[in-house]
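For reference, the structure is listed below as structure tokens.
The values are calculated or read from the model by the stated rules, or taken from the named source; none is laboratory data. Source: prediction; values computed, not measured. Note that each Cβ is placed from the backbone with ideal geometry, even for glycine, and that neighbours are counted across all protein chains shown. To get the accessible areas, we keep the full protein, side chains included, count just its heavy atoms, and leave off ligands, DNA and RNA. Shrake-Rupley method; radii C 1.70, N 1.55, O 1.52, S 1.80 Å.
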Amino acid sequence: MSKKKEQAVVYSQQNIATGIYDMWIQTSLAKDAKPGQFISVYPQDKSTLLPRPISICEIDKENSRLRIVYRVAGKGTAEFSGYQKADKIDVLGTLGNGFPLEKAEGKRVFLIGGGIGIPPMLETAKQLAGKTKETNVILGYRNSELFLKEDFEKYANLFIATEDGSVGTKGNVLTAISEKGLEADIIFACGPMPMLRALKQYAAEKQIPAYISLEERMACGVGACLGCVVKTREVDHHSHVKNARICTDGPVYLADDVEI
Amino acid sequence: MKDTKIEIAGVTFKNPVMTASGTFGSGMEYAEFVDLNCLGAVVTKGVANVPWEGNPTPRVQETYGGMLNAIGLQNPGIDVFIERDIPFLKQFDTKIIVNVCGRSVSDYVEVVEKLSDQPIDMMEINVSCPNVKHGGIAFGQNPDALFEITKEVKKKAKQPIIMKLSPNVTDITEMAKAAEAAGSDALSLINTITGMKIDIYKRAFALANKTGGLSGPAIKPVAVRMVYQVANAVKIPIIGMGGIASAEDALEFMMAGATGVAVGAMNFVNPYTTREVVKGMEDFMEAQKIEKITDIIGCVK
Ligand SMILES: Cc1cc2nc3c(=O)[nH]c(=O)nc-3n(C[C@H](O)[C@H](O)[C@H](O)COP(=O)(O)OP(=O)(O)OC[C@H]3O[C@@H](n4cnc5c(N)ncnc54)[C@H](O)[C@@H]3O)c2cc1C
Ligand SMILES: Cc1cc2nc3c(=O)[nH]c(=O)nc-3n(C[C@H](O)[C@H](O)[C@H](O)COP(=O)(O)O)c2cc1C
Ligand code: FES
């Protein structure tokens, strides 16, 4: 499973919500990709040198394609949003560990996504379909722009929370969980830090494992620069200090193992 | 076949292309992309006498044509390094240069003593890291302190030493001369230039450390100028670095007076950069009918 940088080709791109884009790219990286992993995407503009880490939203091994869904957050993503079918796009991957799907087999699972943390949960839901005792997907959105909703409905029970209360439960994913009386044996989640912190606490109270996907500023994306670390509870096997590299040892961690 | 070999302090390198400390780990991560056998040398991430935690995050930020970093020299300590990283690098036919950091003279000396019995080719002493509160750069900004630490390190090192100079000084030639006078076998420059970035939406520093070291193409002209100045001030060989992205960039450094060159931040942008620089240099020699790469060193007066 070696990493490489290559020139991928845009297969399709759509604007699916305000500032949110959905892109399929043709790339050999699809072959080894796993849910919860990410790729580094490089802008062409040489004033913006560093790669943009973007999660893998869906994998199509048969056609060698990867789907990424991203929010325009600055110069790099603004450039990507202008790409069209057949445009070239530089990518490096596949990066990171991904969700430990085998740990969810036969169990009651929560797949939780908040905001732009929703995309990586899709391939996770797809690959877990039929393998768990029960899969409940709980997604937190800002408002009624429910991007990827129909995709998730294909694979699992779906619950929605919106900040403005326009759809589903008013509040966050945890409000939805308690309102609907949902329970799980294991959690996989990606989303903003306050959500992940709350989930870490929830999982500790329920004494269930929660695997959460973290974000940090990255430079190399391959474990060399030590830019993207998270504080860990125990001394890390590689760094020999209480710091692990999110790009290589993560982005998915057992919540109990990291200080967030 | 053109001759790309260079020599620094009695060590022969198959070509002038090296990795800049801290941008290539100990080679393991980039070995997936680049055949380490084709590099002149691998220069490793700074290592101290004991493990260092480094700074809080964010540790890196992008800037126009470059980046700021404030890693804070996180490292696993010399004992782990000797057990794990040196044996890894010994599998390859490339030279090994170990970068050393510390907070006090005795820290540095402890690491140097341990490395002296190791199968490495040279040591690079980082007295110029702007991202640690104590030590580090303090030695790199005062010629007397630099002279002292160079002498102490030189006493214990069995391999040739390279003092790595900071650009964050008024006159870099003064520092270069101090290191040379104290017996340094070679010099490397430049380390990162201290910088700052502010997040205007959060009204806060973009790096947790407030300041960080600027590197990448944005600093290349400053680095070339400093290599030129130092090459004209001392006799010992220079390893030049700062924003090298291509063979053309590397050749600029060599024509300014560098014997070796190192690729840093651009490894992050294109993990194949080192390999491409080696290849591009050979192509340039072919096209320009240069027999020995050493012929171009310092050719611009
Ligand atoms: C593992 C991982 C997975 C991610 N997956 C997705 C995803 O699926 N969809 C999505 O929309 N976003 C995702 N992000 C966030 C995404 O990387 C940033 O939004 C993006 O890099 C912003 O780039 P920009 O040029 O538009 O913004 P700018 O602000 O111009 O970027 C400047 C620099 O900061 C970095 N940066 C800015 N914001 C972030 C951030 N939140 N995290 C890390 N680096 C950042 C950029 O990479 C760049 O180097 C992910 C981040 C990580 C770490
Ligand atoms: C992320 C990062 C980490 C670095 N760590 C070290 C280090 O441990 N020791 C050192 O002497 N220099 C370190 N440097 C400085 C580089 O070796 C080099 O001198 C500098 O970045 C200029 O070269 P560049 O522009 O090609 O990156 C580091 C640079 C970066 C970007
Ligand atoms: S981004 Fe360089 S170590 Fe993770």
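Annotations
- Selection from A:158, A:188, A:121 lying farthest towards where the dipole of the range A:101-210 points positive, charges on Cβ: A:188
- Calculated accessible area for chain B comes out at 38 Å² per residue, all protein chains present (probe 1.4 Å; ligands, DNA, RNA ignored).
- 23 Å Cα-Cα threshold exceeded, pairs from A:46/B:14; B:14/B:279; A:242/B:202: A:46/B:14; A:242/B:202
- Cβ-based net charge around residue B:60, under 15 Å, with every Lys or Arg adding one and every Asp or Glu removing one: +3
- Once the 1.4 Å probe is applied to the protein heavy atoms, the range A:4-95 comes out at 39 Å² accessible per residue.
- Shape descriptor for chain B: Rg over Rh equals 0.94 (Cα atoms; Rh from the Kirkwood inverse mean 1/r).
- In chain A, one over the average inverse separation of all distinct C-alpha pairs is 18.6 Å, which is the Kirkwood hydrodynamic radius.
- For the range A:101-210, the alpha carbon positions stretch 35, 31, 23 Å along the principal axes, listed from largest to smallest.
- Complex-versus-alone comparison for the range B:44-58, residues with a loss of 30 Å² or more in accessible area, probe 1.4 Å: B:53, B:57
- Residues of chain A were split at every exposed loop site, defined as trypsin sites (Lys or Arg not before Pro) in a DSSP loop with at most 15 other C-beta atoms within 10 angstrom, and the longest piece left, sites excluded, is A:155-232.
- Cross-link pairs exceeding 32 Å in C-alpha to C-alpha distance, out of A:5/A:200; A:126/A:170; A:31/A:75, comprise A:5/A:200.
- Filter on B:156/B:235; A:4/B:289; B:45/B:151; A:4/A:103; A:4/A:149; B:151/B:210 - keep pairs with C-alpha separation over 25 Å: A:4/B:289; A:4/A:103; A:4/A:149; B:151/B:210
- Portion, in percent, of the accessible area of the protein assembly as shown that falls on carbon or sulfur, probe 1.4 Å: 50 percent
- For the range B:1-128, DSSP calls about 45 percent of its internal beta bridges antiparallel.
- Note on the range B:1-78: dipole from Cβ charges, positive end direction compared against B:16, B:54, B:77; the farthest Cα belongs to B:16.
- Computed per residue of the protein assembly as shown from DSSP H runs no shorter than four, each worth -39500 (n - 2.57), the mean residue ellipticity at 222 nm is -6500 deg cm²/dmol.
- Summing charges over all other residues whose Cβ lies under 11 Å from the Cβ of residue A:177, with Lys and Arg as +1 and Asp and Glu as -1, gives 0.
- Per the accessible-area calculation with a 1.4 Å probe, the total area buried between chain A and chain B rounds to 2900 Å².
- Its Cα centre serving as origin, chain A has a Cβ charge dipole (Lys and Arg +1, Asp and Glu -1) of approximately 340 debye.
- Accessible area per residue, Å², the range A:216-260 with all protein chains present, probe 1.4 Å: 34 Å²
- Its residue count N fixes a reference of 2.2 N^0.38 Å for the range A:216-260, and the Cα radius of gyration divided by that reference is 1.02.
- The shape of the range A:4-95 can be summarised by an equivalent ellipsoid whose semi-axes, obtained from the alpha carbon gyration tensor, come to 18, 15, 12 Å from longest to shortest.
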